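Visitor: This is the structure I want to talk about, given as structure tokens.
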Amino acid sequence: MGLAALIPSPPQPDGPLQMTLEEEKWDMWQGVAWIAAVKVRITNTATNQVIRLERFNLESEPGPGERPKLTQDQVNALFHEVMKRGDAYGSSHLRRVDLQPDDSTSGWLVREAYLPFPARAGRPRCTFAVTDGVGDTYELEIPAREPQVRRIEARWIMGR
């Protein structure tokens, strides 16, 4: 048994799809919700299987507190804002596709996300999910992010 036996194998993907978060953009909407845009790369790791990517979703967890109640006008406005931002990605938005073996696709998905409660600060834990043509769902966890503390060094401006 040589030294190679002591080196752990890299983790294998659970199923024929592998997903990587490439980029994310978060905007606070009216102090009651996040609008999240995530760019995900999806790779078909199967050697002889075409996989039809059918549906994409982003779900978030609000935390243990109670989330704010939105008026119907706010619900409608948030829906339209999410649609407008999603449309802005145009052809780089994720869409249905037959993913060939050893091939990948990358694209954006825009959804609303909960404010993390009870703190109302930071970003919630999210799950990006893609469902294939036979109904199997693959999930990618996007961990919660606590609010960041940024220290700025004081600089004094001397009088003239």
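Visitor: Can you tell me which residue within segment 25-60, out of those that are open to solvent by 30 Å² or more (accessible area, probe 1.4 Å), out of contact with any Lys or Arg (no Cβ under 9 Å at 6 or more places or on another chain) and not hydrophobic (A, V, I, L, M, F, W, C), is farthest from GLN100 (Cα to Cα)?
Guide: Taking the candidates together, the pick is GLN30.
Visitor: Select from segment 86-97 the residues that are part of a helix (DSSP H, G or I) and open to solvent by 70 Å² or more (accessible area, probe 1.4 Å) and list them in ascending order. Let's see the steps before the verdict.
Guide: Narrowing segment 86-97 to residues part of a helix (DSSP H, G or I): 86-88, 90-92.
Selection gives ASP87, ALA88, SER91.
Visitor: If you don't mind, another one. Could you tell me which residue of segment 98-125 is surrounded by the fewest Cβ atoms within 10 Å (Cβ to Cβ), considering only residues that are in contact with a helix residue (DSSP H, G or I) (Cβ under 9 Å, 6 or more places away or on another chain) and either assigned to a helix (DSSP H, G or I) or among the small types (Gly, Ala, Ser) (or both)? Explain how you work it out, then say what you get.
Guide: From segment 98-125, those in contact with a helix residue (DSSP H, G or I) (Cβ under 9 Å, 6 or more places away or on another chain) are 106-112; that's our starting set.
Keeping just the survivors that are either assigned to a helix (DSSP H, G or I) or among the small types (Gly, Ala, Ser) (or both) gives 106-107.
Numbers: SER106: 14, GLY107: 19.
Across segment 98-125, the extreme among qualifying residues is SER106.
Visitor: Looking at this structure, is LEU140 open to solvent by less than 60 Å² (accessible area, probe 1.4 Å) and modelled with pLDDT of 95 or more?
Guide: Details: open to solvent by less than 60 Å² (accessible area, probe 1.4 Å): yes; modelled with pLDDT of 95 or more: yes.
Against the criterion (open to solvent by less than 60 Å² (accessible area, probe 1.4 Å) and modelled with pLDDT of 95 or more), LEU140 qualifies.
Visitor: Name the residue, out of VAL130, VAL149, VAL75, VAL134, that is open to solvent by 30 Å² or more (accessible area, probe 1.4 Å) and under 15 Å from LEU17 (Cβ atoms). Spell out how you get there, then give the answer.
Guide: Details: VAL130 fails: open to solvent by 30 Å² or more (accessible area, probe 1.4 Å); VAL149 fails: under 15 Å from LEU17 (Cβ atoms); VAL75 fails: under 15 Å from LEU17 (Cβ atoms).
Answer to the check: VAL134.
Visitor: While we're looking at this one, here's another question. Applying the selection to segment 2-24, what residues are surrounded by 12 or more Cβ atoms within 10 Å (Cβ to Cβ) and at pLDDT 90 or above?
Guide: Matches in segment 2-24: PRO16, LEU17, GLN18, MET19, THR20, LEU21, GLU22, GLU24.
The values are calculated or read from the model by the stated rules, or taken from the named source; none is laboratory data. In this text, all values refer to a predicted model and were calculated from it rather than measured experimentally. Counting neighbours? That spans all protein chains shown, and the Cβs are built from the backbone with ideal geometry, glycine included. With ligands, DNA and RNA removed, areas are computed over all heavy atoms of the protein, side chains included. Shrake-Rupley method; radii C 1.70, N 1.55, O 1.52, S 1.80 Å.
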